[in-house]
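I have placed the structure first, in the form of structure tokens, so that the comments after it can refer back to it.
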Protein chains: 4
Amino acid sequence: MKKIWGDYEVDSHVNEYTIGQDLQIDAKLMNYDLMATSAHVSMLHSVGILDIEEHSLVQNAIKILKLRCSKQGFAIPNKYEDGHSYIEAELIKICGDPGKKVHFLRSRNDQALVMLRLFAIDILKEIDTQVQILQKSLSTVSSRHRGTHMPGYTHMQKAMPTTVDTWIESFADALVDIRLSSNVEAVLDQNPLGSGAGYGFVGQKIKPDQKHTSKVLGFKRVQKNPMHCSMSRGLYESMVLSQLYPYMVLASQWASDNLLFTMEEFEFVSLPDEFTTGSSIMPQKRNYDVYEIMRGNQSIFWGYSTQINGIIAKRTSGYQRDLQLTKKPFVEACEIVLATIKMWDKTVKNLKINKPNMKNAMSPNLYATGNVNDLVSEGATFRDAYIQIKQTIKEQL
Amino acid sequence: MKKIWGDYEVDSHVNEYTIGQDLQIDAKLMNYDLMATSAHVSMLHSVGILDIEEHSLVQNAIKILKLRCSKQGFAIPNKYEDGHSYIEAELIKICGDPGKKVHFLRSRNDQALVMLRLFAIDILKEIDTQVQILQKSLSTVSSRHRGTHMPGYTHMQKAMPTTVDTWIESFADALVDIRLSSNVEAVLDQNPLGSGAGYGFVGQKIKPDQKHTSKVLGFKRVQKNPMHCSMSRGLYESMVLSQLYPYMVLASQWASDNLLFTMEEFEFVSLPDEFTTGSSIMPQKRNYDVYEIMRGNQSIFWGYSTQINGIIAKRTSGYQRDLQLTKKPFVEACEIVLATIKMWDKTVKNLKINKPNMKNAMSPNLYATGNVNDLVSEGATFRDAYIQIKQTIKEQL
Amino acid sequence: MKKIWGDYEVDSHVNEYTIGQDLQIDAKLMNYDLMATSAHVSMLHSVGILDIEEHSLVQNAIKILKLRCSKQGFAIPNKYEDGHSYIEAELIKICGDPGKKVHFLRSRNDQALVMLRLFAIDILKEIDTQVQILQKSLSTVSSRHRGTHMPGYTHMQKAMPTTVDTWIESFADALVDIRLSSNVEAVLDQNPLGSGAGYGFVGQKIKPDQKHTSKVLGFKRVQKNPMHCSMSRGLYESMVLSQLYPYMVLASQWASDNLLFTMEEFEFVSLPDEFTTGSSIMPQKRNYDVYEIMRGNQSIFWGYSTQINGIIAKRTSGYQRDLQLTKKPFVEACEIVLATIKMWDKTVKNLKINKPNMKNAMSPNLYATGNVNDLVSEGATFRDAYIQIKQTIKEQL
Amino acid sequence: MKKIWGDYEVDSHVNEYTIGQDLQIDAKLMNYDLMATSAHVSMLHSVGILDIEEHSLVQNAIKILKLRCSKQGFAIPNKYEDGHSYIEAELIKICGDPGKKVHFLRSRNDQALVMLRLFAIDILKEIDTQVQILQKSLSTVSSRHRGTHMPGYTHMQKAMPTTVDTWIESFADALVDIRLSSNVEAVLDQNPLGSGAGYGFVGQKIKPDQKHTSKVLGFKRVQKNPMHCSMSRGLYESMVLSQLYPYMVLASQWASDNLLFTMEEFEFVSLPDEFTTGSSIMPQKRNYDVYEIMRGNQSIFWGYSTQINGIIAKRTSGYQRDLQLTKKPFVEACEIVLATIKMWDKTVKNLKINKPNMKNAMSPNLYATGNVNDLVSEGATFRDAYIQIKQTIKEQL
């Protein structure tokens, strides 16, 4: 149980309680830590801490560790407090003394910051790519059904006529809004590595060269104020999830619309058999679980967002350990968005429109407002025309 | 209890329950409704529904109603279902038949949408102006204290030296992030008026000219798909609050920092007497309630955001009345942000820095990491230097 | 702007920001404050602070103030910080010197605590009475429709047969659960008056007699530890709302069920016209807004609960002003529950069951599981029977 | 990818998306499923579906599966949809035809309900035991420090004197409240097994004997209405978490108090070295991460609670798949409470009180209210005495 900083054993329950599920999450993020560690090591070489041989030795060791990272990440043994300590320990084991130089001019704080930022940049890109694919699918499918009439509902009651393409394109339009609204990527594009424990290396003899690591890692600029770096832990996670949240709302609304319209009482739309599931006791069942999980995942996402926002709401300036707990909800929430957009896209691509059922559902009451319009076009005031049509409907009942 | 649509009396409890606190909120928003009503009426004139005299009659009536709107709005009598119905009723009362033409080619749905959008655009601008003022204050105050040392804390324990300007500027930097990150204003800048009840006026003889109202109201573009308009109710409110939320987190963090640093045990900073409050029984008290309310308002804001997000998570496409309940939390949350930014600015402008207390707090342990740096500069590996300094500290205890 | 504690003017913006909407909420609670103030004054008399004449003078003044409290409470002038200060000021104005003795041995902290506790006890009783009325209505209506068949759905698809009374009674059963589950009333039944500012009057010459006020106010016991009293501010509010929350979930589920079953595609149930609302442009509409607001109010309640929970999550021991902000969400959330239960009851009492439509909806697929049961009764294993029926259904398609 | 109900392959992405992390959670719950399966099988025997040999065969197979359950549960292979299907498949594999009878008269719905209920009953008991241990620790430690003075704070400022035992006992008193307030255990104590898919086995030839399984599993009563059973999925989870939530609030408040009081500026209390952690770069650090994680876990818990409440808020009557997503947050939230109470207890047992520092902190301003009391005891009115002491303090500045 001896720690990197440790001259004493930490109580095993304290150790277990404070680490929680962090090692599993770190395992997923290790490739980003190694990427940043490599940049940091390159910087240490450039400022003369590691000579050319030491540098090459350490970089090779990092490469070995990277190879061990599969997509699921590599397991971090229980005796380490976190992935960061594990990496240092491994580098010391492989390289000896040069490994002991690696953690100079950084702290686990900026190490976590840069790791999470690289992760966020990557997954936001991946999500955006999927959103663009979805936009294309929505527009392809809607153009295929242009002008197909279906009832429009308000208050869950038949309101006015609409069309399948209007319905489907409304989601595409909202995706445009979301992509337009936010620019959190520009915020993420600043390098926190070198901010150390949140106070930089002010007044110290040797200082990190943050421009060097920015260049290696592809950051546009340095995040200069180290307290600003520290403050962005949790806050940026919150901002990223805020940007992604509307996707989950829309996916849930898409799912809810389809859950309604696939009911036997409507059968406006359907999905192929392989998208549905059955029941363990009811042989006739054909369920749209996929939409239910999509709808439920909106709540799961929101709860994760709530976790992060609850934690950052309690903090004062300067790193505090509760921030560690923002890692899991952040990673899981991002992954849920990615999976949900992909699944949404599949349901769009496989959506079957049942035209005859929609046609049958176009009952006369949907045209009452049009009838009012007719009367106005013949000279009535709107309100009088409205009352007149209302009276006619009443008499017909 | 007779309604605009009404041929029967609504049960009084149903009426009271469904309206709730909506009339009070509508009263605050009436000036935006009147602004949009005026644009709508101008459009009705342009498409020939109102002739020149009728148009002038109705516009004058709108002006009269506008004059009745003070900053707090005007009271809407209880017998009306909402402000929209009240406006129509007043216009009919004042103008007679031309008033009965006013609601043609619109619905209370698009009327509410455009009213809220105009409100949101306005208050976002006002908030942004206040944020810029705050940015300036932070930078003025921080430059006044450049280089003044104070302890930096991590885990609530003394960590490393920092300076007053680093602390204060970290907030200014985060404000830059927030302003950079979001672009929800561009999303709001589309005109939903003319989308009617969420299905437009498809297939009807007379249609609204949305370009006309866009021009009058200053919208950059028309929000074309009427189901997209309907979908944006609640969703845009959520997106706006998401953009504003980080301000509340930062304000709360500023408040928490100051609540700590104004404690007798620190006294690093203070505010003038007129910013503090006293106790009803403890004559010695001088409390920083202003920071506590600032901190608490972050939670109030988040709860309002939760209300909106809870409601939109349940909906299917097409307007549903629960969306009415998003109005109050939206308006109140926006107002809280505005008031909080203004108050934050006042606390910055009046912040007193207690330099001697900060100096006294600069204990030697803050320099331990610097000492490690010194040893590294003399050739030690970082990890060995760290252990050596740790050992020295231990021996001194 | 001079305060009760005040030797200086508080900045007007600080004053406005810290008070917020508190005066409006206090106005609703003043009768409870006056009730407790009367008990406190009686105690002050019993320990010799107020003589018999002073006591009678002050009690009369309290009566006068009580008369001014209508159900909506009486307005508290803006220059007071809160209702508590206003009461003291009024009593001094009416009674002179005896009024200046009233605030002895209490603080605004325990004054607020006891006021809110009395409010909570009252409204919980009122809610419980309404829940019992609702239970009776559910059971009356369900017994009226015993054995009326209707389709049971899972995953929004027809699953198995059920009956109207099973559906309606499931809500009654859940109400029994909620009433059984919680006992927060017993927690509330302890008197915090006398805990002063959260530290009692330890070591002071004259102390409050908490047994006296408990007896007058009808509390079962004294809440002895003053820090425990202080800690219960916000916490008890959270606990009360936790107890009430399931009512809102059930009301929302009742509303959602009915919103679905009143759709034209089902028409299983309906409400009389006076429970429905119309549209400003669609003359044919008949909307169930009442259910939509019921469903939406679940989210409003949850958001208020979130506000309180966010605030108490940030605190350390000892009163802090953010706790003031828990008052509004608490009062509003309780009122929403009361109004919602009443409205739910009205919808139950007026529910019309459309038997023919339900009968028509009893399609053969609902009996597939029964068919499996038949095969098992003839000796098949369950899984084999299931597969056999599934095969038959498939062939019939 | 073939399912228990399956005559076709489910799309692999749909399969992965709908299952999500459910198998890992089910693995933790398998022992409870097996316990209920055993009771169900015993009932099937009693109603004649399984003869004595078949029954003994299946019970033995269940025992084998139980042995495979370690505390962490056993892994469920990916090709199964859930633990329930896996159990049936294993029983069929081991027992042949008798295994195919096991799922008769139940559904995965009531199987999940009873499994989760048994889990909840167990962990609530375990939590309550730990709470009682904590209560004892708090009372032991507080009695050890009875009468030790420390400053009481309000608004983060010194307010009035208090004592260490008052502080510590306030937490013990609040634990009494929480245990008193709730009775959700009584709600859980009803057997949902036999409710099938939420509509029972109404009108079918063979019916489950729910009294039998109740007796075997130790439930006090049968949960009769099958729609009530179905409704309780998610709802009871929400009710259980509501009961537990105050524990997390208190733990967080305990943590926050201690984070403040362990700051160098106070040093009122401390924990032994093995409860603290160090820094990777600052050799002097000794951090109370354990309190920070305790504080953060309140937010994690609340977020999980939010996930469940978000999901149940969207449902109509009848099982829907999103309810599956309530399992993970429920199990994790319960486990967090258990771990947190245990850790809290450890910090209490190891708490060191620094009496001299507390004594030094007892500054004169803490006694100002006592001075007012003195003046009142000499005949002054309270408000006049207050003003007089305030004046004196002012003059001394």
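The values are calculated or read from the model by the stated rules, or taken from the named source; none is laboratory data. It should be emphasised that the depicted structure is a prediction, and the values quoted were computed from it without experimental measurement. Note that we place each Cβ from the backbone using ideal geometry, even for glycine, and neighbour counts take in every protein chain shown.
Restricting the search to segment D:372-387, which residues are surrounded by fewer than 22 Cβ atoms within 10 Å (Cβ to Cβ) and within 11 Å of B:Q284 (Cα to Cα)?
D:I387
Which residues, counting only those in segment A:252-284, are more than 7 Å from chain D (Cβ to nearest Cβ), over 26 Å from the mean Cα position of the chain (by Cα) and not aliphatic (A, V, I, L, M)?
A:F261, A:T262, A:E264, A:E265, A:F266, A:E267, A:F268, A:S270, A:P272, A:P283, A:Q284
Hey, B:N78 hits all of (1) among the polar types (S, T, N, Q); (2) under 22 Å from the mean Cα position of the chain (by Cα); (3) in a loop (DSSP other than H, G, I, E, B) but one; which does it fall short on?
Of everything listed in (1) among the polar types (S, T, N, Q); (2) under 22 Å from the mean Cα position of the chain (by Cα); (3) in a loop (DSSP other than H, G, I, E, B), B:N78 misses just condition (2).
Please give the number of the condition A:P98 fails out of (1) closer than 30 Å to D:W344 by Cβ; (2) of a type outside the set (S, T, N, Q); (3) within 12 Å of another protein chain (Cβ to nearest Cβ).
Failing condition for A:P98: (1).
Working carefully through the options A:D122, A:D128, find the one that is more than 23 Å from A:D22 (Cβ to Cβ), surrounded by fewer than 18 Cβ atoms within 10 Å (Cβ to Cβ) and either of a type outside the set (F, W, Y) or modelled with pLDDT of 95 or more (or both).
Values: A:D122 fails: more than 23 Å from A:D22 (Cβ to Cβ).
Selected residue: A:D128, the only one of A:D122, A:D128 that is more than 23 Å from A:D22 (Cβ to Cβ), surrounded by fewer than 18 Cβ atoms within 10 Å (Cβ to Cβ) and either of a type outside the set (F, W, Y) or modelled with pLDDT of 95 or more (or both).
Can you go through D:T326, D:T316 and tell me which one is buried (at least 24 other Cβ atoms within 10 Å of the Cβ), in the same structural domain as D:Y153 (by TED's automatic domain parsing), of a type in the set (V, I, T) and farther than 30 Å from A:S107 by Cα?
Numbers: D:T316 fails: buried (at least 24 other Cβ atoms within 10 Å of the Cβ).
Only one candidate qualifies: D:T326.
Considering only segment C:191-200, I want to know if a residue exists there that is surrounded by fewer than 21 Cβ atoms within 10 Å (Cβ to Cβ) and facing another protein chain (nearest Cβ under 8 Å).
Taking every residue of segment C:191-200 in turn, none turns out to be surrounded by fewer than 21 Cβ atoms within 10 Å (Cβ to Cβ) and facing another protein chain (nearest Cβ under 8 Å).
Test each condition in (1) within 14 Å of another protein chain (Cβ to nearest Cβ); (2) surrounded by 21 or more Cβ atoms within 10 Å (Cβ to Cβ); (3) in contact (Cβ under 8 Å) with a residue 60 or more places away in the chain for D:A36 and report the one that comes out false.
Exception for D:A36: condition (1).
Tell me, yes or no, whether segment C:285-295 has at least one residue that is among the aromatic types (F, W, Y), in a helix (DSSP H, G or I) and more than 8 Å from chain B (Cβ to nearest Cβ). Even if it seems obvious, please write down each step before you answer.
Just the residues of segment C:285-295 that are among the aromatic types (F, W, Y), to begin with: C:288, C:291.
Adding the requirement that they be in a helix (DSSP H, G or I) leaves C:291.
Then keep just the ones that are more than 8 Å from chain B (Cβ to nearest Cβ); that gives C:291.
Looking through segment C:285-295, at least one residue is among the aromatic types (F, W, Y), in a helix (DSSP H, G or I) and more than 8 Å from chain B (Cβ to nearest Cβ).
In the list D:I123, D:I92, which residue meets the criterion of being within 10 Å of another protein chain (Cβ to nearest Cβ), closer than 30 Å to D:V41 by Cβ and either touching a helix residue (DSSP H, G or I) at 6+ places or on another chain (Cβ under 7 Å) or in a strand (DSSP E or B) (or both)?
Values: D:I123 fails: within 10 Å of another protein chain (Cβ to nearest Cβ).
Criteria check complete, one pass: D:I92.
Which of the numbered conditions does D:K211 fail, given that it passes all the others? Conditions: (1) within 26 Å of D:Q135 (Cβ to Cβ); (2) in contact with a strand residue (DSSP E or B) (Cβ under 7 Å, 6 or more places away or on another chain).
Only one criterion is unmet by D:K211, namely (1).
Listed here are the residues, each with its yes/no results for (1) buried (at least 23 other Cβ atoms within 10 Å of the Cβ); (2) in the same structural domain as A:L325 (by TED's automatic domain parsing).
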position: A:K3; (1), (2): no, no
position: A:D7; (1), (2): no, no
position: A:M43; (1), (2): yes, no
position: A:G48; (1), (2): no, no
position: A:H84; (1), (2): yes, no
position: A:L116; (1), (2): yes, yes
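Okay, residues lined up against (1) among the acidic types (D, E); (2) more than 30 Å from D:N360 (Cβ to Cβ):
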residue	(1), (2)
D:D122	yes, yes
D:G147	no, no
D:A159	no, no
D:A172	no, no
D:D177	yes, yes
D:L188	no, yes
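Please name all residue pairs, on different chains or six or more residues apart, with Cβ atoms under 8 Å, provided the first residue is in segment A:104-127 and is touching a residue at least 24 places away in the same chain (Cβ under 8 Å) and the second residue is buried (at least 24 other Cβ atoms within 10 Å of the Cβ) and basic (K, R).
A:N109/A:R233; A:A112/A:R233; A:A112/A:K327; A:L113/A:R233; A:L116/A:R233; A:L116/A:K327
Can you tell me which residue among B:L29, B:L44 is under 19 Å from B:K207 (Cα atoms), assigned to a helix (DSSP H, G or I) and at pLDDT 90 or above?
Working: B:L29 fails: under 19 Å from B:K207 (Cα atoms).
Unique residue meeting the criteria: B:L44.
Has segment B:300-307 got any residue that is more than 8 Å from chain C (Cβ to nearest Cβ) and farther than 18 Å from C:S299 by Cβ?
So far as segment B:300-307 goes, no, none of its residues is more than 8 Å from chain C (Cβ to nearest Cβ) and farther than 18 Å from C:S299 by Cβ.
Just checking, which of B:L351, B:L375 is modelled with pLDDT of 95 or more and either assigned by TED's automatic domain parsing to the domain that holds B:F261 or among the acidic types (D, E) (or both)? Give the derivation first.
Values: B:L375 fails: either assigned by TED's automatic domain parsing to the domain that holds B:F261 or among the acidic types (D, E) (or both).
None of the others qualify; the one that does is B:L351.
Could you tell me whether any residue of segment A:111-122 is farther than 25 Å from A:Q243 by Cβ and not aliphatic (A, V, I, L, M)? Walk me through it before giving the result.
Step one: filter segment A:111-122 for residues farther than 25 Å from A:Q243 by Cβ, giving none.
No, segment A:111-122 contains no residue that is farther than 25 Å from A:Q243 by Cβ and not aliphatic (A, V, I, L, M).
Quick one: in segment B:158-185, which of the residues that are touching a residue at least 12 places away in the same chain (Cβ under 8 Å) and among the small types (G, A, S) is surrounded by the fewest Cβ atoms within 10 Å (Cβ to Cβ)?
Ranking the qualifying residues of segment B:158-185, first place goes to B:A172.
Within segment C:57-67, work out how many residues are of a type outside the set (V, I, T) and either surrounded by 14 or more Cβ atoms within 10 Å (Cβ to Cβ) or not in a helix (DSSP H, G or I) (or both).
The initial filter retains those residues of segment C:57-67 that are of a type outside the set (V, I, T), namely C:57, C:59-61, C:63, C:65-67.
Now drop any that are not either surrounded by 14 or more Cβ atoms within 10 Å (Cβ to Cβ) or not in a helix (DSSP H, G or I) (or both), which leaves C:57, C:59, C:61, C:65-66.
Of the residues in that region, 5 qualify.
Quick check on D:H13: is it in contact with a helix residue (DSSP H, G or I) (Cβ under 9 Å, 6 or more places away or on another chain) and either buried (at least 21 other Cβ atoms within 10 Å of the Cβ) or at the interface with another protein chain (Cβ under 9 Å from one of its Cβ atoms) (or both)? I'd like the intermediate steps shown before the answer.
Working: in contact with a helix residue (DSSP H, G or I) (Cβ under 9 Å, 6 or more places away or on another chain): yes; either buried (at least 21 other Cβ atoms within 10 Å of the Cβ) or at the interface with another protein chain (Cβ under 9 Å from one of its Cβ atoms) (or both): yes.
For D:H13, the condition - in contact with a helix residue (DSSP H, G or I) (Cβ under 9 Å, 6 or more places away or on another chain) and either buried (at least 21 other Cβ atoms within 10 Å of the Cβ) or at the interface with another protein chain (Cβ under 9 Å from one of its Cβ atoms) (or both) - is met.
Check D:Q324 against each of (1) at pLDDT below 95; (2) over 30 Å from B:L397 (Cα atoms) and name the one condition it does not meet.
With (1) at pLDDT below 95; (2) over 30 Å from B:L397 (Cα atoms) applied to D:Q324, the lone miss is (1).
Look at B:D26 and say whether it is free of Cβ contacts under 8 Å to residues at least 40 places away in the same chain, within 30 Å of C:E292 (Cβ to Cβ), touching an Asp or Glu at 6+ places or on another chain (Cβ under 6 Å) and of a type outside the set (A, V, I, L, M). First the steps, then the outcome.
Details: free of Cβ contacts under 8 Å to residues at least 40 places away in the same chain: no; within 30 Å of C:E292 (Cβ to Cβ): yes; touching an Asp or Glu at 6+ places or on another chain (Cβ under 6 Å): yes; of a type outside the set (A, V, I, L, M): yes.
Judged against the criteria, B:D26 is not a match.
I'd like the full set of residues that are touching an Asp or Glu at 6+ places or on another chain (Cβ under 7 Å) and facing another protein chain (nearest Cβ under 8 Å), limited to segment B:80-89.
The first filter runs over segment B:80-89 and keeps only residues touching an Asp or Glu at 6+ places or on another chain (Cβ under 7 Å), leaving B:82-84, B:87.
Passing the criteria: only B:H84.
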